[in-house]
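**Q** Below you will find the structure I want to go over with you.
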Amino acid sequence: MNPKRCAACKYLRRRCPKDCIFSPYFPPGDPDKFACIHRIYGAGNVSKMLQQLPVQTRAEAVESLSFEAKCRVEDPVYGCVGIISLLQTEIQKTQTLLARTQAEIAVAQAKHSQNPS
């Protein structure tokens, strides 16, 4: 067994070739990252996706796939869309609160300007 195999090759129980597409993005110390991605997307699909991307964008794509896969494992129905929905709701509530506070400030300033004592 090669101790320098990437997490993907370890998970798939295969040798890690020198030109392994997974090696730069799935270090041996983080096997859960690949396991989660593999569970949702499959190794073949991830390999195809990475091969179609320019090398400089692959790391970001792997991080995105990892985040989306973790969200899908935690919430199989909504995945990361559930998080987005919660954040949008929180933004709307905060915007409403901000508008209300700005209106109260405007009322207080108007009262203060009418009554300069």
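**Q** Calculate the radius of gyration of the Cα atoms of the chain to one decimal place, then report Dmax, the largest Cα-Cα distance, as a whole number, both in Å.
**A** Rg then Dmax for the chain, in Å: 24.6, 85.
**Q** Additional query: For the charge dipole of the range 1-73, defined by +1 on Lys and Arg C-beta atoms and -1 on Asp and Glu C-beta atoms about the Cα centroid, which residue among Val55, Phe67, Cys16 has the Cα displaced farthest towards the positive pole?
**A** Cys16
**Q** Per residue, how large is the accessible surface of the range 15-117? Use a 1.4 angstrom probe and give square angstrom. Walk me through the numbers on the way to the answer.
**A** Numbers: 7670 Å² over 103 residues.
On a per-residue basis, 74 Å².
**Q** For the chain, which DSSP H helices look membrane-span-like by this rule: Cα extent along the axis of 27 Å or more and mean Kyte-Doolittle of at least 0.0? Please list the in-between numbers first.
**A** Numbers: long enough: 55-74 (29 Å, -0.28); 80-114 (51 Å, 0.14).
Going by DSSP H runs, the hits are 80-114.
**Q** Distance from a point 7 Å along Cα→Cβ of Lys4 to each backbone N in the range 29-69: keep the residues under 16 Å and list them by number.
**A** Within reach of a label on Lys4: 29.
**Q** Among the lysines, which fall within straight-line cross-link reach of Lys10, defined as a Cα-Cα distance under 18 Å, with same-chain neighbours fewer than 8 residues apart omitted?
**A** Candidates past the 8-residue exclusion: Lys18, Lys33.
**Q** Follow-up question, since we're still on this one. Using +1 on the beta carbon of Lys and Arg, -1 on that of Asp and Glu, and nothing else charged, what's the dipole of the chain about the Cα centre, debye to 20? Write down the numbers at each step before the final one.
**A** Values: 16 positive and 10 negative charges, 136 e Å.
In total the dipole reaches around 660 debye.
**Q** Just the C-alpha atoms of the range 63-115: what Rg/Rh do they give, with Rh taken as the Kirkwood radius? Don't jump to the answer; show the numbers that get you there.
**A** Working: Rg = 19.9 Å, Rh = 13.9 Å.
We get a ratio of 1.44 for the range 63-115.
The values are calculated or read from the model by the stated rules, or taken from the named source; none is laboratory data. Every value quoted in this text rests on a predicted model; they were computed, and no experiment measured them. Because the Cβ atoms are built from the backbone with ideal geometry, glycine has one as well, and the counts that use them run over all protein chains shown. Each accessible area value is taken on the protein alone, full model and side chains, heavy atoms only, with ligands, DNA and RNA left out. Shrake-Rupley method; radii C 1.70, N 1.55, O 1.52, S 1.80 Å.
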